[in-house]
Amino acid sequence: MRRSLKSKLEVSGIYLVVLIMFCVILYPLLWAISISLNPGTSMFSAKLIPDNWSLEHYKWLFNDPRSDYVLWYKNTLIVAVCNALASVILVGLTAFAFSRYKFAGRNKSLYAVMLMQIFPVLMGMVAIYLLLNLVGLLDTFAGLIIFYAVGGLPMNVFLVKGYMDTIPRDLDESAKMDGAGHLRILTKILFPLIRPILAVVALFTFMAPFMDFLTPRIILRSPEKFTVALGLFSFINDKFGNNFTIFAAGTILIALPIAIVFLFLQRYLITGLAEGGTKG
């Protein structure tokens with residue numbers, strides 16, 4: 001009886017914590033949705049349940065000639081997709097080298113990668129700005145994608161390397177005996193087994209351009225190249241005044257591609273876990 005009561009209390013405590021966290025996350029989300037449905041432009045006069053709700057702000061984003069929201073959205077999608085693909089490839093190759101090979105300077109390189117995680121990337125923004133300007137990549141999508149892909153490399157490499165280290169090396173040796181080369185081992189043997197962690201890397205790197213404001217603000221200069229986070233700032237800055245309702249509508253729409261990518265990668269995540277448990 002005591003054990004059963006203790007188990008029920010533990011389960012109840014877990015559900016209580018989950019419920020509290022759910023409310024903490026849901027409350028600001030509901031306010032953002034309600035602000036986007038409120039008429040007018042002010043955030044302070046908005047109500048959680050609008051009296052006369054409408055979709056006028058969403059229509060304005062796509063139909064008004066003064067709005068470049070569709071262009072910003074397109075730019076962000078291009079950067080996000082390229083960043084996710086580049087990051088997965090770079091992280092996969094780098095983690096494979098650190099996990100499966102022994103070479104001169106390997107341990108020192110790992111220490112260097114670990115050290116890079118201690119310092120925030122923004123500490124080197126001045127140097128990065130000057131370097132991108134020197135090579136002609138300032139105010140370009142390529143420069144922004146390179147910054148995102150390389151900036152997230154240290155942490156992602158450690159994540160993927162740690163996951164790859166759990167896969168037995170016997171699989172590599174068996175493939176080598178069958179005549180498989182290094183690239184074939186990586187693509188045919190290891191990649192299917194590390195799909196769960198690669199899905200995590202792809203999701204987070206896809207999300208970064210949608211969430212980041214400061215980096216595009218430094219690298220991009222032309223309004224036609226703005227990302228959605230940088231463009232939305234103009235709605236509460238000097239261009240349109242304090243138009244918080246349109247700003248809220250634009251931020252809500254940011255969640256759509258992220259949710260779609262999450263649902264798409266979730267299938268590969270579950271499949272990869274199942275295959276890894278079977279083959280490992």
Practice task
Give the residue that is modelled with the lowest pLDDT, with candidates limited to residues of region 196-238 that are among the hydroxyl-bearing types (Ser, Thr, Tyr) and open to solvent by 10 Å² or more (accessible area, probe 1.4 Å).
Solution key: SER234
Problem - Condition broken by LEU138, with the remaining ones in (1) at pLDDT 85 or above; (2) part of a helix (DSSP H, G or I) satisfied - result: (2)
Completion exercise
Scanning region 153-164 for residues that are open to solvent by 10 Å² or more (accessible area, probe 1.4 Å) and either within 18 Å of TYR101 (Cβ to Cβ) or outside any helix (DSSP H, G or I) (or both) gives LEU153, PHE158, LYS161, GLY162, TYR163
Handout entry: Cβ-Cβ under 7 Å pairs, at least 6 apart or on other chains, region 213-231 side of a type in the set (D, E, K, R), far side open to solvent by 60 Å² or more (accessible area, probe 1.4 Å) and assigned to a helix (DSSP H, G or I)
Key = GLU224/LEU71
Problem - Residues of region 170-181 that turn out to be of a type outside the set (Ser, Thr, Tyr), part of a helix (DSSP H, G or I) and free of Cβ contacts under 8 Å to residues at least 24 places away in the same chain, as a count - result: 5
Practice task
Could you please find all residues in region 1-37 being open to solvent by less than 70 Å² (accessible area, probe 1.4 Å), among the β-branched types (Val, Ile, Thr) and free of Cβ contacts under 8 Å to residues at least 24 places away in the same chain?
Solution key: VAL11
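Only residues that are of a type in the set (D, E, K, R) and over 28 Å from GLY124 (Cα atoms): list them for region 206-261, please. I'd like the intermediate steps shown before the answer.
From region 206-261, those of a type in the set (D, E, K, R) are 212, 217, 221, 224-225, 238-239; that's our starting set.
Those that are of a type in the set (D, E, K, R) and over 28 Å from GLY124 (Cα atoms): ASP238, LYS239.
Does ILE167 satisfy being of a type in the set (Val, Ile, Thr), in a helix (DSSP H, G or I) and either open to solvent by 20 Å² or more (accessible area, probe 1.4 Å) or in contact with a Leu (Cβ under 8 Å, 6 or more places away or on another chain) (or both)?
Working: of a type in the set (Val, Ile, Thr): yes; in a helix (DSSP H, G or I): no; either open to solvent by 20 Å² or more (accessible area, probe 1.4 Å) or in contact with a Leu (Cβ under 8 Å, 6 or more places away or on another chain) (or both): yes.
The answer is no for ILE167.
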Practice task
Please enumerate the residues belonging to region 170-190 that are farther than 14 Å from PHE96 by Cβ and open to solvent by 100 Å² or more (accessible area, probe 1.4 Å).
Solution key: ASP170, MET177, ASP178
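The values are calculated or read from the model by the stated rules, or taken from the named source; none is laboratory data. Treat the numbers as computed from the prediction; the structure is a model and nothing was measured. So basically every Cβ, Gly included, is an ideal-geometry build from the backbone, and we count neighbours across all protein chains shown. Just so you know, the surface numbers come from the protein's heavy atoms only, side chains and all, with ligands and any DNA or RNA stripped out. Shrake-Rupley method; radii C 1.70, N 1.55, O 1.52, S 1.80 Å.
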